[in-house]
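Below is one structure, written out as structure tokens, with a few remarks after it.
The values are calculated or read from the model by the stated rules, or taken from the named source; none is laboratory data. Note that the structure is predicted; figures quoted are calculated from it, not measured. No Cβ is skipped: glycine too gets one built from the backbone with ideal geometry, and neighbour counts run over all protein chains shown.
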Amino acid sequence: MLLAEFSLTPLDKGPSVSPWVSRSLDIIDQSGVPYRLGPMGTCVEGEWDEVMAVAKACFEHMAGDCERISISFKGDWRRGASGRLTAKIEKVEATLGRKLKT
């Protein structure tokens, strides 16, 4: 399973990009893959092709009306592991013995 965080930011749309980010989140939400929205990117989890298809769909939609896009992507593939969107946070919290602000 692939746990990936990515962000796509149009560089030609001015200081507020929330309309474009919202369009990407709509694509991610409708894809059915588990995800978590963060302030600087979105984490998604699934099989390699599934995650890459979601990222590609977001890119292609944004590229439809943007001349320049900043792309940030990082991933962690681990054979047989799933549920890591929450499990990784829970592990750190268990180690600390307290809940964190997430």
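When residues of the range 1-25 are filtered for being out of contact with any His (no Cβ under 8 Å at 6 or more places or on another chain) and closer than 20 Å to Lys56 by Cβ, how many remain? Steps first, please.
Residues of the range 1-25 that are out of contact with any His (no Cβ under 8 Å at 6 or more places or on another chain), as a first pass: 1-22, 25.
Checking the rest, the ones that are also closer than 20 Å to Lys56 by Cβ come to 1-11, 17, 20-22, 25.
Total meeting the criteria: 16.
Would you mind finding the one in Gly64, Gly97, Gly80, Gly75 that is under 11 Å from the mean Cα position of the chain (by Cα) and among the small types (Gly, Ala, Ser)? Spell out how you get there, then give the answer.
Numbers: Gly64 fails: under 11 Å from the mean Cα position of the chain (by Cα); Gly97 fails: under 11 Å from the mean Cα position of the chain (by Cα); Gly80 fails: under 11 Å from the mean Cα position of the chain (by Cα).
After applying the criteria, what remains is Gly75.
Is at least one residue of the range 36-55 β-branched (Val, Ile, Thr) and either exposed (fewer than 10 other Cβ atoms within 10 Å of the Cβ) or touching a His at 6+ places or on another chain (Cβ under 7 Å) (or both)? Reasoning before the result, please.
Let us first name the residues in the range 36-55 that are β-branched (Val, Ile, Thr), namely 42, 44, 51, 54.
After this cut, where a residue has to be either exposed (fewer than 10 other Cβ atoms within 10 Å of the Cβ) or touching a His at 6+ places or on another chain (Cβ under 7 Å) (or both) as well, the list is none.
Scanning the range 36-55, I find no residue that is β-branched (Val, Ile, Thr) and either exposed (fewer than 10 other Cβ atoms within 10 Å of the Cβ) or touching a His at 6+ places or on another chain (Cβ under 7 Å) (or both), so the answer is no.
Output the residues belonging to the range 60-79 that are surrounded by fewer than 10 Cβ atoms within 10 Å (Cβ to Cβ) and either touching a Phe, Trp or Tyr at 6+ places or on another chain (Cβ under 6 Å) or more than 18 Å from Asp49 (Cβ to Cβ) (or both).
So in the range 60-79, the residues surrounded by fewer than 10 Cβ atoms within 10 Å (Cβ to Cβ) come out as 64, 67, 79.
Once the filter is applied, which keeps residues that are surrounded by fewer than 10 Cβ atoms within 10 Å (Cβ to Cβ) and either touching a Phe, Trp or Tyr at 6+ places or on another chain (Cβ under 6 Å) or more than 18 Å from Asp49 (Cβ to Cβ) (or both), the range 60-79 yields Gly64, Glu67.
What about Thr102, is it of a type outside the set (Gly, Ala, Ser) and part of a helix (DSSP H, G or I)? Let's see the steps before the verdict.
Numbers: of a type outside the set (Gly, Ala, Ser): yes; part of a helix (DSSP H, G or I): no.
No, not satisfied.
Where residues in the range 26-39 are within 14 Å of Ala4 (Cβ to Cβ) and assigned to a loop (DSSP other than H, G, I, E, B), which of them is modelled with the lowest pLDDT?
Of the residues in the range 26-39, the ones within 14 Å of Ala4 (Cβ to Cβ) are 28, 31, 33-38.
Still in the running and assigned to a loop (DSSP other than H, G, I, E, B): 33-34, 38.
Details: Val33: 97, Pro34: 97, Gly38: 94.
Within the range 26-39, the match that is modelled with the lowest pLDDT is Gly38.
What single numbered condition from (1) basic (Lys, Arg); (2) touching a strand residue (DSSP E or B) at 6+ places or on another chain (Cβ under 6 Å); (3) free of Cβ contacts under 8 Å to residues at least 12 places away in the same chain fails to hold for Arg84?
Against the list (1) basic (Lys, Arg); (2) touching a strand residue (DSSP E or B) at 6+ places or on another chain (Cβ under 6 Å); (3) free of Cβ contacts under 8 Å to residues at least 12 places away in the same chain, Arg84 comes up short only on (3).
Could you tell me how many of the residues in the range 6-25 are assigned to a helix (DSSP H, G or I) and surrounded by fewer than 12 Cβ atoms within 10 Å (Cβ to Cβ)? Spell out how you get there, then give the answer.
As a first pass, look at the range 6-25 and keep what is assigned to a helix (DSSP H, G or I): 18-25.
Then drop every residue that is not surrounded by fewer than 12 Cβ atoms within 10 Å (Cβ to Cβ), which leaves 18-19, 22.
Total meeting the criteria: 3.
Would you pick out the residues in the range 69-99 that are within 16 Å of Glu45 (Cα to Cα) and among the β-branched types (Val, Ile, Thr)?
Passing the criteria: Thr86, Ile89.
State yes or no: is Leu96 loosely packed, with under 15 Cβ neighbours inside 10 Å, aliphatic (A, V, I, L, M) and more than 21 Å from Leu2 (Cβ to Cβ)?
On the way: loosely packed, with under 15 Cβ neighbours inside 10 Å: yes; aliphatic (A, V, I, L, M): yes; more than 21 Å from Leu2 (Cβ to Cβ): yes.
Yes: the conditions hold for Leu96.
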